Amino acid sequence: MKQLFFSNALLPDGWAQNVALSIDEQGRLEHVETDMPASGRTIDGAIALPGTANLHSHAFQRAMAGLGEWRGTGAGADDSFWTWRDVMYRSLEKLTPEQVHAIAAQLYVEMLEAGFTAVGEFQYVHHQPDGRPYDRLAEMSVQLMQAAEDTGLAQTLLPVFYANGGFAGQSVQGAQLRFYNDPVRFAELVNACRSHSKDHPRTIIGIAPHSLRAVTPESLAEVVGQAGGAPIHMHIAEQVREVEDCVSWSGARPVEWLLDHHEIDPAWCLIHATHMQQSETKALAASGAVAGLCPITEANLGDGIFDGVTYSNAAGRFGVGSDSHVRIDLAEELRSLEYSQRLRDLGRNRLVSAGTANGRALFDNAAAGGAQATGQETGRIAAGSWCDVVALDSSHPVLCGKSRDNWLNGWLFSGDRSCVLDVWVSGKHLVQAGRHMKRDAIARSFAAAMEALFG
Ligand SMILES: [Zn+2]
């Protein structure tokens, strides 16, 4: 049996010293023992943390990071989420399955090096540019599963159901043809993903109705019925215009409508949920679902500010995702969430209760919420969980001289991915001294894909 030893580790009941982890053949933790005699095998100076899932990703968007940062002219001078979406749609015009594989592999290397150990991949580009399916219906999803396998990242693949281009059953058009399925073909796609995932022990298949604007009430009900207890993710209330369109269509706001029409439970993850009234925020918290927050992307797109204070006071569960991938950094994601609250409220330490370390609370929430939303048995260094561990470097300038919760305060508020030293997923040592073992080869394939797409 494989073993790892750490001088310090964050366990479910708090910090522990001289921790020995015993890992079984599948990569799960069999025993976690503390106060073990010092051993030559101890990884000195490493602070072991449970792995955190990045709960919301559109992998292909890593290729366009930075390309939306031009102010448009004419009508486009009023840049918004919707003008950014036009740029994103244009980036899809030539995208091939091989390029999706290369982009996702690069992204997943960066996630692992940043301290993420799993991803919720919200996968909506299914078909060829003219809308015809590939010979293998789940071709794009298979490429994403392969990228996760190649890099070692655990993956919850969420095939997206996208049937309409707007509320009230509008038809898809243009780039959206690559996303479109009716419920019958969607069920075939999900089944193809499920059978392919049998070869991938850390891949879970969930489902993702894209948003209320991309479904009808009937098709949403049909697709939700296909989940069978697996994670269900959905974009919701990201944009003011989306809320207004939903009210004109139904008389209700998006989160309000969803809570009224579906049994929202802990299997659900509502992505963004930015624009809610207090009653919706409290009801979402009470449902036990996870709010999938993407603070860097939400800032980049000008989406708005999530009401984290009301939600946290109601014990709402949340996790974070890097969504558009304009930046890949777990520390920065959580810091951005807290800073958005400070800038709105003109106060500090908004998301924690009195006497609590903010970094510790943000990290604990993201690890637990990410695990729940992805359905992965991770986010805890405890017997029975996967051995998904992130080790920070206690000699890093923002961590040295600190201890325990101040390591997390230091990392999240003063540090970045350079604090991450080593990462294990299913007990496999994927990142060593800050570098993924396949970083160089994967970066070369990514550069070739970028040249073909934009060169
Ligand atoms: Zn998204």
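The table below lists the values:
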| quantity | calculated |
| --- | --- |
| Alpha-carbon centroids, the range 198-237 and the range 372-396: separation in whole Å | 26 |
| Per DSSP, loop chymotrypsin sites (Phe, Trp or Tyr not before Pro) in the range 41-122 with at most 12 further Cβ within 10 Å | TRP70 |
| In degrees, nearest ten, helix 97-113 long axis to first principal axis of the chain (Cα) | 40 |
| Taking VAL109, VAL431, VAL247 and counting other C-beta atoms within 10 Å, the order from fewest to most | VAL247, VAL431, VAL109 |
| Gyration tensor (Cα) of the range 245-377, equivalent ellipsoid semi-axes in angstrom | 23, 17, 16 |
| Stokes-Einstein D (µm²/s) once Rh is taken as the Kirkwood radius of the range 239-279 over alpha-carbon pairs, at 10 °C in 1.306 mPa s | 146 |
| 20 Å Cα-Cα reach of LYS438 towards lysines, excluding residues that sit fewer than 8 places from it in its own chain | LYS428 |
| Residues of the range 357-376 with amide N under 16 Å of a point placed 7 Å along Cα→Cβ from PHE413 | 357-364 |
| Gain in span if fully extended, GLN3 to ASP440, counting 0.36 nm per residue against the direct Cα distance | 154.5 nm |
| Convex hull of the range 169-300 built on C-alpha atoms - directionally averaged projected area, nm² | 9.1 |
| Length gained when the stretch ALA315-SER403 is fully extended (0.36 nm per residue, less Cα-Cα span) | 29.0 nm |
| Computed over the range 73-190, the ratio Rg/Rh where both radii use C-alpha atoms and Rh is Kirkwood | 1.00 |
| Which of HIS56, HIS262 has the fewest Cβ neighbours within 10 Å, and the rest in rising order | HIS262, HIS56 |
| Under the Karplus curve 6.51 cos²θ - 1.76 cosθ + 1.60, θ = phi - 60°, whole-Hz ³J(HN,Hα) for the range 283-299, x wherever Gly or Pro sits | 5, 5, 4, 5, 6, x, 6, 9, 8, x, 8, 10, x, 5, 5, 4, 6 |
| Candidates per trypsin sites (Lys or Arg not before Pro) in the range 312-377, loop by DSSP, up to 16 other Cβ within 10 Å | ARG348 |
| Cα gyration tensor category, rounded, prolate or oblate, for the range 309-420 with a/c compared to 1.5 | rounded |
| For the chain: rounded, prolate or oblate by the Cα gyration tensor [a/c cutoff 1.5] | prolate |
| Centroid-to-centroid separation of the range 71-112 and the range 1-33 [C-alpha atoms, Å] | 40 |
| Cα-based Rg and Dmax for the range 142-217, where Dmax is the largest Cα-Cα distance (Å) | 13.9, 41 |
| Longest DSSP-loop-exposure-free segment, GluC sites (Glu not before Pro), the chain, at most 10 other Cβ within 10 Å | 26-262 |
| FRET efficiency, THR34 to ASN349 (Cβ-Cβ, R0 30 Å, nearest 0.05) | 0.50 |
| Ranking of THR216, THR281 by count of other Cβ atoms within 10 Å, fewest first | THR216, THR281 |
| Calculated [θ] (222 nm, deg cm²/dmol) that DSSP helices of n ≥ 4 give over the chain, each run adding -39,500 (n - 2.57) | -11000 deg cm²/dmol |
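Where a number appears in this text, it was derived from the coordinates with a stated rule and is not lab data. Please read all numbers here as calculations on a predicted model, not as lab measurements. Don't worry about glycine lacking a Cβ; one is built from the backbone with ideal geometry, like all the others, and counts go over all protein chains shown.
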